[in-house]
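The structure appears right after this line, and notes come after that.
The values are calculated or read from the model by the stated rules, or taken from the named source; none is laboratory data. Keep in mind that what you see is a predicted model, and the values were worked out from it rather than measured. Neighbour counts are summed over all protein chains in view; Cβ atoms, including those assigned to glycine, are modelled from backbone coordinates with ideal geometry.
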Amino acid sequence: MTSKKILTLVFVKEPGKILLGMKKRGFGQGRWNGFGGKVEKGETILEGAKRELLEESGITANSLNRVGLINFEFENDPVILEVHIFKTSDCIGSPIETEEMRPQWYAEDSIPFNQMWPDDHLWFPYMFSNKIFEAYFLFKGMDVIVSHWIKEMKNLDNIIVS
Ligand SMILES: Nc1nc2c([nH]c(=O)n2[C@H]2C[C@H](O)[C@@H](COP(=O)(O)OP(=O)(O)OP(=O)(O)O)O2)c(=O)[nH]1
């Protein structure tokens, strides 16, 4: 039997650059990523996304735009990770280093994909060209993608996040 965990991932974007954080501990440690985590009981996905962004980067988002939805499976693991991805440029505050993340701005043309999850270079181009997408990745361990698909979507309105 499989079970699902709902997670969020938020990217703060300014023209030509994006804020990433180096994950200092836990799942994905040592990789640059957006800010996010598990949605808690009693909160919506959007609330969870804003909470994690604030906790991990010190930034408050006024609004978030949907970027995509990815389901991750790992061989020999019954847990599916459903990751809701957002971006925002409508936010307040400057990034601060937290217990979990060390933030750094990167130019869009120098993203450190070799220090990121191996799927990221496949879907970042959708995000950078403002395309909404849905994707699936099956991993063996944390480094090898066994199979995957990515589809551009008109919207993700069938998946309610508010
Ligand atoms: N870019 C990218 N992000 C991913 C991938 N897989 C994956 O789970 N993530 C994201 C989703 C979440 O934002 C984050 C994992 O959340 P987490 O385990 O740190 O959650 P958390 O902060 O609630 O955890 P914790 O407090 O219990 O440590 O990593 C991936 O392949 N690529």
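Right, residue 63: loosely packed, with under 14 Cβ neighbours inside 10 Å, closer than 24 Å to residue 125 by Cβ, touching a residue at least 12 places away in the same chain (Cβ under 8 Å) and not aliphatic (A, V, I, L, M) or not? Walk me through how you get there before you give the answer.
Details: loosely packed, with under 14 Cβ neighbours inside 10 Å: yes; closer than 24 Å to residue 125 by Cβ: yes; touching a residue at least 12 places away in the same chain (Cβ under 8 Å): yes; not aliphatic (A, V, I, L, M): yes.
Answer is yes for this residue.
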Restricting attention to the stretch 43-60, the residues that are farther than 10 Å from residue 8 by Cβ and part of a helix (DSSP H, G or I) number exactly 4
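Looking for whichever is in contact with a strand residue (DSSP E or B) (Cβ under 9 Å, 6 or more places away or on another chain), at positive phi and more than 13 Å from the ligand (Cβ to nearest atom) here; the options are 141, 58. Which one fits?
Among 141, 58, only 58 is in contact with a strand residue (DSSP E or B) (Cβ under 9 Å, 6 or more places away or on another chain), at positive phi and more than 13 Å from the ligand (Cβ to nearest atom).
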Among 16, 68, 30, 37, the single one that is more than 8 Å from the ligand (Cβ to nearest atom) and surrounded by 16 or more Cβ atoms within 10 Å (Cβ to Cβ) is 68
Inside the stretch 124-141, the number of residues satisfying the requirement of being over 12 Å from residue 152 (Cβ atoms) and touching a Phe, Trp or Tyr at 6+ places or on another chain (Cβ under 8 Å) is 7
With criteria (1) modelled with pLDDT of 95 or more; (2) under 16 Å from the mean Cα position of the chain (by Cα), residue 100 comes up short on (1)
Of those in the stretch 71-87 that are in contact with a Ser or Thr (Cβ under 9 Å, 6 or more places away or on another chain) and closer than 16 Å to residue 21 by Cβ, the residue nearest to the ligand (Cβ to nearest atom) is 83
By residue number, the members of the stretch 84-102 that are surrounded by fewer than 21 Cβ atoms within 10 Å (Cβ to Cβ) and under 16 Å from residue 38 (Cα atoms) are 100
